[in-house]
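Participant: Please find one structure pasted underneath; my questions will follow.
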Amino acid sequence: MKKSSIILTLTACLTLVAVVAAVLVDKQAKTSTERIADNVERDSIAAQSAAIEEPNNVLDDDSSPVSDLGLDSNESNILQVSNLAKYPGFGHRDDEDEETFSQEEEQRENMIADCMRESGFDYTPAPSIVLDESLLENEKEFERLLAEAATDPNQAYVSELSPSMKRNYYLALTGLADPNTQEGLDYEQASNSNSCVSRAFTSIPGVYAKRNALAKEIDTMESEIKNDQRSIASTQKWSNCMSELGHTFERPSDAHRFVDQTIISNLNNTGQARAGDEQLIRQLYQATDQCASTAQLQSINQTVRTEYENRFAENYQDRLKN
C-alpha cells in the first residue's frame, strides 16, 4: 500500500504565502478535478496550503494510479501503463513528483527570503511539513510535527513591526496590504503583483505546471472516467464492502478526505493526536485494502483510466511536450 501523505504549511504569516501561491498556480489554469482547491473540503488555511500546487487528482481520485486509499497492492502487477506516465506531475510518478515539489518549494522559500531581504525585511524560509502513514507508528514524532506546523517562525518578527512597516512587509511579500482581512484578499491583485511570492512562482512554476495548464481538459476526462459504468460498478462494490466492515463511505476519495480532515483537526484544535485517531486510521487502511481487493477496484479502474488517459495524451501531446 502506498503511503498516505498530507502537506501541512505553517499558519499565520506563512499562510499568506499559501494564499497568494494558490492564486499564482490558479492563474496558470484552475486546478479542480476533486483534488486542489475546488473539492478539498477543508476549513483551515493550513490545509488549503496543502493543495497549493499538488493537484487535487493526485490526492483523492478513486481511480488514480497514485490514490492512497482503495488500492490493493496485490493487484499492482497487473496495472497497465498510461501514456501520461511519461510526463511529470500527472500522478504516475508520485514519489518523484513529491520530491521535486519539495525541492522546488524549498528553492522558492529561499528566493522569497532573499527577495524580502532586498526589500529590507527578514523572512525565515518555512517549507511544508509532510506527514505520512509511517508517522502513525511514532506518536511523539507525529505530535512534534503537528506542533511544528502550528508554529510560524515569522510571526514574532511581524508582530514587532509598526502598522506602516507591517503593511509594507505584506506588500513586499504578497502584493496585498493586509492579507489577513477579507477585504485584503484581492487575489487578482496578488497574482499580478511584483511581490516576492509572485516572483518565486514565476521563476519556478513547479512540477505540476503542465497539469495545471490542462486542468479544464483533465476535469472533463475525470468526469468521463467517473461516469464510466465499469468505474461506477466497482466503486459501488467497494462501498458495499466498506459498509459491511462498519465504515460508511461512498467512494475511496471520501475515506481519504476523512483521514486528511482528522489530521488537520488535530492541528487546528490542540496540535496533539486525539486518543483513538491513529487506531481508527489504521483500521480504515486495512478495510480499504480488503475492500479494494474484493471489488477488484484497482484493476478495473486502472483499465478504464488507462483508456481515457491514452486518448488524452494523444489529443494534447503538443501541449504536454512543450
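Every read-out reported here was derived from the displayed coordinates using simple, explicitly stated rules and does not represent laboratory data. Bear in mind that the values here come from a model prediction, so they are computed numbers and not experimental data. Heads up, the Cβs are rebuilt from the backbone with ideal geometry, glycines too, and the neighbour counts pull from every protein chain shown.
Participant: Can you put TYR170, TYR285 in order of Cβ neighbours within 10 angstrom, beginning with the fewest? The partial results should precede the final answer.
Facilitator: Details: TYR170 22, TYR285 18.
Exposure proxy ranking, most exposed first: TYR285, TYR170.
Participant: Counting other beta carbons within 10 Å of each residue's own, what order do PHE90, PHE258, PHE121 fall into, fewest first? Please report the intermediate quantities before stating the final value.
Facilitator: On the way: PHE90 27, PHE258 16, PHE121 21.
Going from least to most buried by this count: PHE258, PHE121, PHE90.
Participant: Continuing with this model, one more query. Would you please name the GluC sites (Glu not before Pro) within the range 167-256 that are DSSP coil residues with at most 15 other C-beta atoms within 10 Å of their C-beta? Numbers along the way, then the final one.
Facilitator: Values: sites: GLU183, GLU188, GLU217, GLU222, GLU224, GLU244, GLU250; in loops: GLU250.
Here the GluC sites (Glu not before Pro) that fit, given the DSSP loop and packing criteria, are GLU250.
Participant: Could you sort out which of LYS140/LYS166; LYS210/LYS237; LYS86/LYS226 sit more than 28 Å apart by Cα distance in this structure? Don't jump to the answer; show the numbers that get you there.
Facilitator: Values: LYS140/LYS166 36 Å; LYS210/LYS237 34 Å; LYS86/LYS226 23 Å.
Pairs exceeding the cut-off: LYS140/LYS166; LYS210/LYS237.
Participant: Still on this model: Based only on other Cβ atoms within 10 Å, what is the fewest-to-most ordering of SER128, SER195, SER203?
Facilitator: Values: SER128 24, SER195 27, SER203 12.
Fewest-to-most ranking of SER128, SER195, SER203: SER203, SER128, SER195.
Participant: How far is the Cα center of the range 296-319 from the Cα center of the range 200-257, in Å?
Facilitator: 13 Å
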